[in-house]
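The values are calculated or read from the model by the stated rules, or taken from the named source; none is laboratory data. Note that the coordinates shown come from a computational prediction; the quantities given were computed from them, not determined experimentally. Don't worry about glycine lacking a Cβ; one is built from the backbone with ideal geometry, like all the others, and counts go over all protein chains shown. Surface accessibility is based on the protein's heavy atoms, side chains included, excluding ligands, DNA and RNA. Shrake-Rupley method; radii C 1.70, N 1.55, O 1.52, S 1.80 Å.
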Amino acid sequence: AQKITQTQPGMFVQEKEAVTLDCTYDTSDQSYGLFWYKQPSSGEMIFLIYQGSYDEQNATEGRYSLNFQKARKSANLVISASQLGDSAMYFCAMRDLLYNNNDMRFGAGTRLTVKP
Amino acid sequence: DVKVTQSSRYLVKRTGEKVFLECVQDMDHENMFWYRQDPGLGLRLIYFSYDVKMKEKGDIPEGYSVSREKKERFSLILESASTNQTSMYLCASSPGGPSSGNTIYFGEGSWLTVV
C-alpha cells in the first residue's frame, strides 16, 4: 500500500526567503506520480506541481520546484522567494500510473506561515 | 476550466440523521473521489468510483456509502450520522486512462457538523 509522510506539521519562513517542505513516500509501484497541493484558509485545493517517477528532470513551476530523489523516496517542495500569500497548508500526494483506475493518497500536510 | 461542484458548503445535522453530500463535475471525467479532511490527518480517501455504478473502498469507508448513477454525479451518504463524522468533505474528479497520472480536480469542500 502507498504511504505518504510529511514530518513537519508546521513551518515558518521569512518573507522573500526560500523554504523546503519535506515529503517521503513508500510504494511498491514502478510507475507513479507525485503531486503537491496548496490549501489556503478558504479550503480550496490548488494544484502546484507534478513529478512522474520516470521523469529525469526535477519539475519546476515558477517559484515552485520539486526536489525528487527516487532512491531515497523523497519529493520535497521548494518554494523560492516566499510571499505572504504562500501561507497555507501544503499537501504531498501520490498516485499509481500503471493502472487506469487509480486513486490518490495524501500526506498529513504542513502548515506554512510566511512572516513579514 | 474544470468545475467540481459540491452541493452544500456548510451543513449541520443531528446524530442519527441520514446525510447526502452531492458532487457534480462538468468535464466528463471517469474517476470521482470522496475524501475526508481532519487536522493532523490530511486527506483520507473514503470511496472512489471509476465508472458509473462502479465503486471502490478507500481507507476509511466505514459509516459511509456512495452512489454513482450518472457519470457526472457522485454522492456520499452517511446512513446514520455520528459526531465523529464531523469533518470537511472534499469531492474530486479526474480523467481515466493512463493520462490520469495528471492531477485530480477538487470541489470547494463541504463542512459537516453533526450535533
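Other protein chain C-beta atoms within 10 Å of residue C-beta, averaged over B:103-115: 3.
Calculate what fraction, in whole %, of the accessible area of chain B sits on carbon and sulfur atoms when a 1.4 Å probe is rolled over the protein chains.
On chain B, the fraction of accessible area on carbon and sulfur atoms equals 50 percent.
Here the contact order of region A:11-86, divided by its residue count and restricted to Cα pairs under 8 Å and six or more residues apart, works out to 39 percent.
Once the dipole of chain A is set up with Lys and Arg at +1 and Asp and Glu at -1 on Cβ about the Cα centre, which of A:Tyr50, A:Val19, A:Gly62 lies farthest towards its positive end? Going by the charge dipole, the pick is A:Val19. Charge dipole of the protein assembly as shown (Cα centre as origin; +1 on each Lys and Arg Cβ, -1 on each Asp and Glu Cβ, all else neutral): 440 debye, rounded to the nearest 20. Computed FRET efficiency, Cβ-Cβ of A:Ser80 and A:Thr5, R0 30 Å: what is it to the nearest 0.05? It comes to 0.80. Counting Cβ atoms of other protein chains within 10 Å of each residue's Cβ and taking the mean over peptide A:31-38 gives 2. What the protein assembly as shown shows is 48 Å² of accessible area per residue, with the surface traced by a 1.4 Å probe over protein heavy atoms.
Leaving out ligands, DNA and RNA, calculate the buried accessible area for the pair B and A with a 1.4 Å probe, summed over both sides, in Å² to the nearest 100. Numbers along the way, then the final one.
Details: alone 6370 and 6530 Å², together 11070 Å².
Approximately 1800 Å², summed over both chains.
Placing +1 on the Cβ of every Lys and Arg and -1 on the Cβ of every Asp and Glu, with no other charges, gives chain A a dipole of roughly 240 debye about its Cα centre. Counting only residues at least eight positions apart within a chain, or on another chain, the aspartates and glutamates with an alpha carbon under 15 Å from that of A:Lys70 are A:Asp22, A:Asp26, A:Asp29, A:Asp55, A:Glu56, A:Asp96. Dimensions of chain B along the principal axes, based on C-alpha atoms and rounded to the nearest Å, stand at 41, 30, 25, largest first.
Charge dipole of region B:9-115 (Cα centre as origin; +1 on each Lys and Arg Cβ, -1 on each Asp and Glu Cβ, all else neutral): 240 debye, rounded to the nearest 20.
Translational D (Stokes-Einstein, µm²/s) of region A:50-116 at 20 °C and 1.002 mPa s when Rh comes from the Kirkwood sum over C-alpha pairs?
157 µm²/s
Among the listed pairs A:Lys73/B:Lys70; A:Lys16/B:Lys57; A:Lys73/B:Lys53; B:Lys13/B:Lys53; A:Lys115/B:Lys18; A:Lys73/B:Lys71, those with a Cα-Cα distance over 32 Å are A:Lys73/B:Lys70; A:Lys16/B:Lys57; A:Lys73/B:Lys53; A:Lys115/B:Lys18; A:Lys73/B:Lys71.
Atom-type composition of the exposed protein surface of chain A places 48 percent of the accessible area on carbon and sulfur (1.4 angstrom probe).
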